[in-house]
1. For segment 137-221, how big is the tail of P(r) above 21 Å, as a whole percent of Cα pairs?
2. Show which lysines lie in cross-link reach of Lys286 when reach means a straight Cα distance below 29 angstrom and same-chain residues fewer than eight apart are skipped.
3. Identify, among Val203, Pro108, Gly160, the residue whose Cα sits farthest towards the positive end of the charge dipole of the chain, taking +1 on the Cβ of Lys and Arg and -1 on the Cβ of Asp and Glu, with the dipole about the Cα centre.
4. Taking the dipole about the Cα centre of segment 48-205, with the C-beta of Lys and Arg at +1 and of Asp and Glu at -1, give me whichever of Ala191, Ser86, Val135 is farthest to the positive side.
5. Starting from the Cα gyration tensor of the chain, multiply each eigenvalue by 5, take the square root, and state the resulting semi-axes largest first in whole Å.
6. Can you tell me the relative contact order of the chain? Whole percent, Cα pairs under 8 Å, sequence separation 6 or more.
7. With contacts defined as alpha carbon pairs under 8 Å and 6 or more residues apart, what's the relative contact order of segment 167-229 in percent?
8. In 10 Å bins starting at 0, how do the alpha-carbon pair distances of segment 215-292 split up by percent?
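The values are calculated or read from the model by the stated rules, or taken from the named source; none is laboratory data. Keep in mind that this is a model prediction, so the values were computed, not measured. With ideal geometry, Cβ positions are generated from the backbone for all residues, glycine too; neighbour counts draw on all protein chains shown. Just so you know, the surface numbers come from the protein's heavy atoms only, side chains and all, with ligands and any DNA or RNA stripped out. Shrake-Rupley method; radii C 1.70, N 1.55, O 1.52, S 1.80 Å.
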Amino acid sequence: MIDEAERGAAPGDRADDPAEPSPVADRADDVAERAAVARRAAEAGAAVAHDSFRSDIAVETKGEDDVVTEADRAAQRAVIASIRESFPDDAVVGEEEDERKTVPDEGPAWVIDPIDGTNNYVRDIRVWATAVAAVVDGEPVAAAIVAPALGDTYTADATGAYRNGEPIAVSDVSEPRKAAVDPTIWWAYDARDEYARACEAIVTRFGDMRRLGAAQVVLPTVAAGGLEGTITNLRANPWDTVAGVFVIRQAGGRVTDLEGDRWRHDSKGVVASNGALHEEVLAAAKEIESDG
């Protein structure tokens, strides 16, 4: 069953302590404005990224395996510029360049990923997105994820979750054999045993496996019912997760860490599901770190 504390939680609610006051309980107008800005900013960044998609843009590397392009940086600058028009003093957490890398636990902030799924982007695969989440006191209050090459825009606010303006909800599948689950986030080459265990845990427990290669597309796909769950044992970056997690929760789904506790931006592991299958999805996630 779906944990009622997770189902459609109001922005800022903390499911592990429902009595705790929402950080935005008295800021409805502010939250509505942040939702509108999140969408405008995500659309601005996505437009910049889409202009260079399937072009001969140069591909660079950062770290050993990750890739980046000038489109990532230009899209991030466009997102930030759009946010700054309305909220010039808010903290910004961003993947590229010198932006802050951690989410503050107090005050307003924005968590942005200019191109989530850059490996898809540089391979001319359409599964990538620009993600923007508005956060207050460490909790998301609004999100927008724009996947221009797919023609999809996901948003979430106090009223629910939407795709292209239409309400969405997680699937009602409750039988593992009818479920599809995605192993998300990138496992480094020295953790391929964990990657293999994630895949094995999924294909032995569920009807099918998908790997879309962009967490901020995978997460809203769970929210819209296209997948029943997604798992990783890694401590994911906030720009890869916060917006999509909020969309899932506002669509009636559930997201926890590897221990089954309510997920937050600094949790280890991401276990997201339609709620009805959460225990099965969680069990699969726990197998990743098992040495057999």
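1. Details: 1629 of 3570 pairs.
In whole percent, the long-distance tail amounts to 46.
2. Within the straight-line cut-off, Lys286 pairs with Lys101, Lys178, Lys268.
3. Going by the charge dipole, the pick is Val203.
4. The residue sitting farthest along the positive end of the dipole is Ala191.
5. Values: eigenvalues 140, 115, 56 Å².
Semi-axis lengths for the chain are 26, 24, 17 Å.
6. Relative contact order comes out at 19 percent.
7. Working: 87 pairs, mean separation 33.1, N = 63.
About 52 percent, as a whole number.
8. Bin by bin from 0 Å, the calculated values are 22, 59, 18, 1.
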